[in-house]
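Contents: one structure, followed by commentary.
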Amino acid sequence: MNDSATDPVERTAYITCVLCEASCGLEVKLRDEQIESIRGHEGDPLSRGHICPKAIALQDIHADPDRLRKPVRRAGDDWVEMEWDEAISLVATRLAQVQAEHGRNGVGVYLGNPNVHSLGALTHGINLVRTLGTKNTFSATSVDQLPHQLMAWALYGHQFLLPVPDIDRTDLLVLFGHNPMASNGSIWTVPDFPARRRELASRGGRFVVVDPRRTETAKVADEHHFVRPGTDVWVLLAMLREVLALGASPAAYVDGVEAVRRAVEPFTPEVAESFSGMPAATIRGLAADLHGARAAALHGRMGVSTQAYGVVCQWAIQCINILTGNLDRPGGTMLTSPAIDLVGHKIVAAGHFGAWQSRAKGLPEFGSELPVSTLADEILTPGEGQIRGLVSIAGNPVSSTPGGHRLDEALGGLDFMVAIDIYVNETTRHADVILPPTGPLEREHYDLIFHTLAVRNTARWSPALFEKPDDARHDWEVARDLALALIRARGEKPSVVDQGRFRVPPRMIVDGLLRVGPVRGGVKKVAKRPGGIDLGPLESVLPDRLQTPTKRIDLAHDVPMSAVAELADHLDVGPIRLAPDELLLIGRRHQRDNNSWLHNAPRLTKGRARHQLLVHPDDLAKRGIVDGDEVSVRSASGQIVVECAASEDMMRGVVSLPHGYGHGRKAGVRMRHAVTLPGASINDLTDPSRTEQVSANGVLNGVPVTLAPGPPA
Ligand SMILES: Nc1nc2c(c(=O)[nH]1)N[C@H]1C(S)=C(S)[C@@H](COP(=O)(O)OP(=O)(O)OC[C@H]3O[C@@H](n4cnc5c(=O)[nH]c(N)nc54)[C@H](O)[C@@H]3O)O[C@H]1N2
Ligand SMILES: Nc1nc2c(c(=O)[nH]1)N[C@H]1C(S)=C(S)[C@@H](COP(=O)(O)OP(=O)(O)OC[C@H]3O[C@@H](n4cnc5c(=O)[nH]c(N)nc54)[C@H](O)[C@@H]3O)O[C@H]1N2
Ligand code: SF4
Ligand SMILES: [Mo]
């Protein structure tokens, strides 16, 4: 007979991994509430059993002694724990003070990447930002996908109408500046990319990668072409020109073709070759292949978004997909029909561009956010509207944004800073108070964003794996409590609308939204099925789903067209000119890194070091540097010392460094494993004064640098 007192209690839970855009479904086995195993959930209709090493590390985050579990207040280089009510009240009072003295814009906001991976941050965090009411709002968008959103706004009438490659049915997939074998896909929720890529090959399809490094993805492609960093714009415009020469087949709802034809006329494949190093014949061949394929998809990501002409690159990519007839075609690039339709239900605004400018540099807002490259300027430049207080939510801009070292100094001079964050990192170490919400295994989740970008229409509810501890607060509760306290600290009374907006929990919001969609039921119905509800493959939805007032697409939209005209006027100038000894620096992601965090997860940091600067052996030899040497790397913005590694995978003249390294720069950071990790921050080299031509997105790739042996004397 079993002795129930000693019998272990076993259970299996099905949850969503919130660590990257792939949003995999996980199967977690527990024994007496201890995690026994984390696996990919085979029955998940979207992720089909996929998992990567980061998901295993979810348990490291959960158990990490470095993770904050109670609010802390800075006392010199030390941190003192506080009770929640006391902390919220202190923060609200101080923020209200800064805004009373310096105006609403006197408090700035930075929203980091993990916000999009947290339901509560999306449903409630955004309302906290609204309550702050500052124009000085910044986010990771402007070191990332801002050009995509701007292009979608211009062409499709909504910043979130972002077509994704229909990889499961395509015959030809062409990726520019994207490394899904490491990143698992971006602005494209494509869990299980490795298997989907293999299926493409076994269907007889082709896969082409254009990248200055022979990446993990390039290595599994049928073709890889090197391109000199920052020159994709000429390649893509030349491809667009060639597609038009072959004959365009746009849908009936597409306008502006002739204007585009005239605009791209100067951009010949020969011009593109001279700037990019990509042979004109290759450029013509790619255009012809995209034009001739039964179904083809062209997608460009970080590599082309975070360079000087990111918006034109993204626009040209859409134009090529549209003019080859591949937009909205099975196997081409398609829009999703998510169970919760952020676009159709107008939950997310369509976006607006240039409605105001940043104070110091006159850079344009997009969707009410300013480009983060200019955050330090807004802190350091005196005058009306200067940022004197900061709210940083799930972010580490000192590590993640151009000229991070300058921002690091600027943060030290603020009157008050609060971070809503689970760690003391390079940025939050400057905070006066840190408010730590529950971790990823303690909260419920529904992917509002990534279902909208997924290769299959599904709806998955993720329960909290563990109940939150009694004295913990979820991110939505922190946002609620802080916003309501701030309103009171201003001497006002929260309105009925405010009360309602903040007190309804995320689950109820999702429930209501699901009920008006195709699922025909709420959270309960979705949650009943591990892996969620399968709504099938992507469907053709155009022109119905367009949000332009005319329900038509105008390819010749003013914003991209004026940028193309400017490029045409300066065709003799071309890309950035380099001094003879200069190289171009680009970024890199690894499967076991996650932006600037997770470096204190032992499971992810063990094994071969990967912080090195990759350099082609010829470029090392020219400088008398040997593989494994320490080198100093200098740019217009700063200097770092880092170990180098010879790599034949690099294009000559190009060097690569991963971002998110360089921890424990000074006292205060409390991440044990991370601070002993070798490596330096690439964003001490990226230049905040060089921004993308149209949107002022960060230019993270194609940064001119020089290399010298050893640390500087
Ligand atoms: N040079 C260069 N720079 C880059 C990039 C590049 O390719 N090259 N990539 C850019 C891109 S695409 C991005 S998205 C940004 C990302 O950069 P950031 O926006 O700074 O975000 P992260 O580094 O992902 O994480 C920031 C912090 O969020 C906290 N955090 C994690 N989970 C939670 C949570 O659930 N709640 C709360 N409140 N906090 C949490 C952790 O402490 C972590 O340190 O970096 C950008 N920077
Ligand atoms: N393991 C892991 N996964 C992640 C993340 C992570 O940090 N680690 N971060 C997540 C986030 S926030 C994002 S936004 C996504 C990003 O996902 P990806 O877009 O795949 O990001 P990267 O791996 O930086 O890939 C950018 C590629 O562009 C190339 N490149 C650089 N400059 C140029 C150029 O001028 N032209 C061209 N054609 N290529 C260029 C680089 O060599 C690199 O291979 O990944 C997400 N997934
Ligand atoms: S690919 Fe992304 S979502 Fe999937 S398990 Fe890895 S980190 Fe999690
Ligand atoms: Mo990102």
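The values are calculated or read from the model by the stated rules, or taken from the named source; none is laboratory data. It should be emphasised that the depicted structure is a prediction, and the values quoted were computed from it without experimental measurement. Reconstructed Cβ throughout: ideal geometry from the backbone, glycine too, with neighbour counts over all protein chains shown. For accessibility, only protein heavy atoms count, side chains too; no ligands or nucleic acids. Shrake-Rupley method; radii C 1.70, N 1.55, O 1.52, S 1.80 Å.
What number of residues in segment 397-422 are within 11 Å of ligand 1 (Cβ to nearest atom), open to solvent by 10 Å² or more (accessible area, probe 1.4 Å) and part of a loop (DSSP other than H, G, I, E, B)?
2
Looking at segment 168-185, can you tell me whether even one residue there is within 30 Å of GLY256 (Cα to Cα), within 16 Å of ligand 1 (Cβ to nearest atom) and in a strand (DSSP E or B)? Working first, answer last.
Going residue by residue through segment 168-185, those that are within 30 Å of GLY256 (Cα to Cα) are 169-178.
Next, from what is left, pick out any that are within 16 Å of ligand 1 (Cβ to nearest atom): 175-178.
Add one more test, that the residue is in a strand (DSSP E or B), and what stays is 175-176.
So far as segment 168-185 goes, yes, one or more of its residues are within 30 Å of GLY256 (Cα to Cα), within 16 Å of ligand 1 (Cβ to nearest atom) and in a strand (DSSP E or B).
Return the residues of segment 492-507 that are within 25 Å of PRO463 (Cβ to Cβ) and modelled with pLDDT of 95 or more; say none if nothing qualifies.
Listed by number, the residues that qualify are PHE502, ARG503, VAL504, PRO505, PRO506, ARG507.
Restricted to segment 581-625, and to residues that are open to solvent by 50 Å² or more (accessible area, probe 1.4 Å) and in contact with a helix residue (DSSP H, G or I) (Cβ under 7 Å, 6 or more places away or on another chain), which residue is farthest from ligand 2 (Cβ to nearest atom)?
PRO602
Starting from residues that are touching a Lys or Arg at 6+ places or on another chain (Cβ under 7 Å) and touching a residue at least 24 places away in the same chain (Cβ under 8 Å), keep the ones in segment 214-248 and report whichever is most open to solvent (accessible area, probe 1.4 Å). If you could, list the steps in order and put the result at the bottom.
Within segment 214-248, the first condition is being touching a Lys or Arg at 6+ places or on another chain (Cβ under 7 Å), and the residues that meet it are 220, 222, 224, 242, 244.
Now restrict to residues that are touching a residue at least 24 places away in the same chain (Cβ under 8 Å): 220, 242, 244.
Numbers: VAL220: 42, GLU242: 24, LEU244: 6 Å².
This residue is VAL220.
Exactly one condition in (1) under 20 Å from VAL143 (Cβ atoms); (2) open to solvent by less than 10 Å² (accessible area, probe 1.4 Å) is false for PHE353; which is it?
With (1) under 20 Å from VAL143 (Cβ atoms); (2) open to solvent by less than 10 Å² (accessible area, probe 1.4 Å) applied to PHE353, the lone miss is (2).
Could you please give the count of residues in segment 576-596 that are within 16 Å of ligand 4 (Cβ to nearest atom) and aliphatic (A, V, I, L, M)? Let's see the steps before the verdict.
So in segment 576-596, the residues within 16 Å of ligand 4 (Cβ to nearest atom) come out as 586-591, 593-596.
If we keep only those that are aliphatic (A, V, I, L, M) as well, we get 586.
The qualifying residues number 1.
I need the strands (runs of 3 or more DSSP E) fully contained in segment 1-105, keeping only those with at least 3 residues that are open to solvent by less than 80 Å² (accessible area, probe 1.4 Å). Break it down into steps so the answer makes sense when it comes.
Details: elements: 10-16, 25-31, 34-40, 72-75, 78-81.
Of the strands (runs of 3 or more DSSP E) lying wholly inside segment 1-105, those with at least 3 residues that are open to solvent by less than 80 Å² (accessible area, probe 1.4 Å) span 10-16, 25-31, 34-40.
With the requirement that a residue be out of contact with any Leu (no Cβ under 6 Å at 6 or more places or on another chain) and assigned to a helix (DSSP H, G or I), what does segment 503-518 give you?
Result: ARG503, ARG507, MET508, ILE509, VAL510, ASP511, GLY512, LEU513, LEU514, ARG515.
Working only within segment 1-15, note down all residues that are in contact with a Leu (Cβ under 7 Å, 6 or more places away or on another chain) and either within 11 Å of ligand 3 (Cβ to nearest atom) or among the small types (Gly, Ala, Ser) (or both).
ALA13, ILE15
(1) farther than 21 Å from VAL233 by Cβ; (2) under 23 Å from the mean Cα position of the chain (by Cα); (3) aliphatic (A, V, I, L, M); (4) open to solvent by less than 30 Å² (accessible area, probe 1.4 Å): which one isn't true of ALA293, the others all being true?
Against the list (1) farther than 21 Å from VAL233 by Cβ; (2) under 23 Å from the mean Cα position of the chain (by Cα); (3) aliphatic (A, V, I, L, M); (4) open to solvent by less than 30 Å² (accessible area, probe 1.4 Å), ALA293 comes up short only on (2).
Quick one: which residue in ALA63, ALA55, ALA75 is within 16 Å of ligand 2 (Cβ to nearest atom) and either free of Cβ contacts under 8 Å to residues at least 60 places away in the same chain or on the phi > 0 side of the Ramachandran plot (or both)?
Values: ALA63 fails: within 16 Å of ligand 2 (Cβ to nearest atom); ALA75 fails: within 16 Å of ligand 2 (Cβ to nearest atom).
On inspection, the qualifying residue turns out to be ALA55.
With the requirement that a residue be assigned to a loop (DSSP other than H, G, I, E, B) and in contact with a strand residue (DSSP E or B) (Cβ under 9 Å, 6 or more places away or on another chain), what does segment 373-389 give you?
Going through segment 373-389, the residues assigned to a loop (DSSP other than H, G, I, E, B) turn out to be 381-388.
Correct list: ILE387, ARG388.
Identify, from the list ARG203, ARG213, ARG198, the residue that is under 24 Å from the mean Cα position of the chain (by Cα), of a type in the set (D, E, K, R) and modelled with pLDDT of 95 or more. Full working, then the answer.
Working: ARG203 fails: under 24 Å from the mean Cα position of the chain (by Cα); ARG198 fails: under 24 Å from the mean Cα position of the chain (by Cα).
None of the others qualify; the one that does is ARG213.
Does GLN149 satisfy the criteria of being within 16 Å of ligand 4 (Cβ to nearest atom), part of a helix (DSSP H, G or I) and outside the structural domain of LEU482 (by the TED database)? Even if it seems obvious, please write down each step before you answer.
Working: within 16 Å of ligand 4 (Cβ to nearest atom): yes; part of a helix (DSSP H, G or I): yes; outside the structural domain of LEU482 (by the TED database): yes.
Yes: the conditions hold for GLN149.
Return the residues of segment 672-692 that are over 28 Å from GLY310 (Cβ atoms) and crowded, with 22+ Cβ neighbours inside 10 Å; say none if nothing qualifies. Step through it out loud before you land on a result.
So in segment 672-692, the residues over 28 Å from GLY310 (Cβ atoms) come out as 672-678.
Matches in segment 672-692: ALA674 only.
Does ASP470 fit the bill of being open to solvent by 60 Å² or more (accessible area, probe 1.4 Å), farther than 30 Å from HIS158 by Cβ and without any contact (Cβ under 8 Å) to a residue 24 or more places away in the chain? Show your work before the answer.
Details: open to solvent by 60 Å² or more (accessible area, probe 1.4 Å): yes; farther than 30 Å from HIS158 by Cβ: yes; without any contact (Cβ under 8 Å) to a residue 24 or more places away in the chain: yes.
In short, yes.
Can you report the number of residues in segment 246-255 which are among the acidic types (Asp, Glu) and in a loop (DSSP other than H, G, I, E, B)? Lay out the reasoning, then the answer.
In the first step, residues of segment 246-255 are kept if they are among the acidic types (Asp, Glu); the result is 255.
Now narrow it down to the ones that are in a loop (DSSP other than H, G, I, E, B): none.
Matching residues across segment 246-255 total 0.
Considering each residue of segment 486-500, count those that are open to solvent by 20 Å² or more (accessible area, probe 1.4 Å) and closer than 20 Å to GLN97 by Cα, and give that number. Outline the logic, then answer.
Filtering segment 486-500 for residues open to solvent by 20 Å² or more (accessible area, probe 1.4 Å) gives 488-493, 495-500.
Cutting the leftovers down to closer than 20 Å to GLN97 by Cα gives us 488-493.
Final tally of qualifying residues: 6.
When you look at ASP627, is it touching a Lys or Arg at 6+ places or on another chain (Cβ under 8 Å) and farther than 25 Å from SER399 by Cα, yes or no?
On the way: touching a Lys or Arg at 6+ places or on another chain (Cβ under 8 Å): no; farther than 25 Å from SER399 by Cα: yes.
When the stated conditions are applied, ASP627 does not pass them.
Do we have any residue at all in segment 99-119 that's at pLDDT 95 or above, farther than 22 Å from VAL424 by Cα and within 12 Å of ligand 1 (Cβ to nearest atom)? Talk me through it step by step, then tell me what you get.
In the first step, residues of segment 99-119 are kept if they are at pLDDT 95 or above; the result is 99-119.
Subset that is farther than 22 Å from VAL424 by Cα: 99-106, 119.
Checking the rest, the ones that are also within 12 Å of ligand 1 (Cβ to nearest atom) come to 119.
So far as segment 99-119 goes, yes, one or more of its residues are at pLDDT 95 or above, farther than 22 Å from VAL424 by Cα and within 12 Å of ligand 1 (Cβ to nearest atom).
For segment 196-219, which positions are over 21 Å from GLY332 (Cβ atoms) and within 16 Å of ligand 3 (Cβ to nearest atom)? Let's see the steps before the verdict.
Start the filter on segment 196-219 by keeping residues that are over 21 Å from GLY332 (Cβ atoms), which leaves 211-216, 218-219.
Once the filter is applied, which keeps residues that are over 21 Å from GLY332 (Cβ atoms) and within 16 Å of ligand 3 (Cβ to nearest atom), segment 196-219 yields only GLU216.
Under 7 Å between Cβ atoms, at least 6 apart or on separate chains: pull out the pairs that start in segment 427-454 with a residue that is outside the structural domain of ARG48 (by the TED database) and end on any residue that is within 16 Å of ligand 2 (Cβ to nearest atom) and aromatic (Phe, Trp, Tyr).
Final answer for the pair search is THR452/PHE160; LEU453/TRP188.
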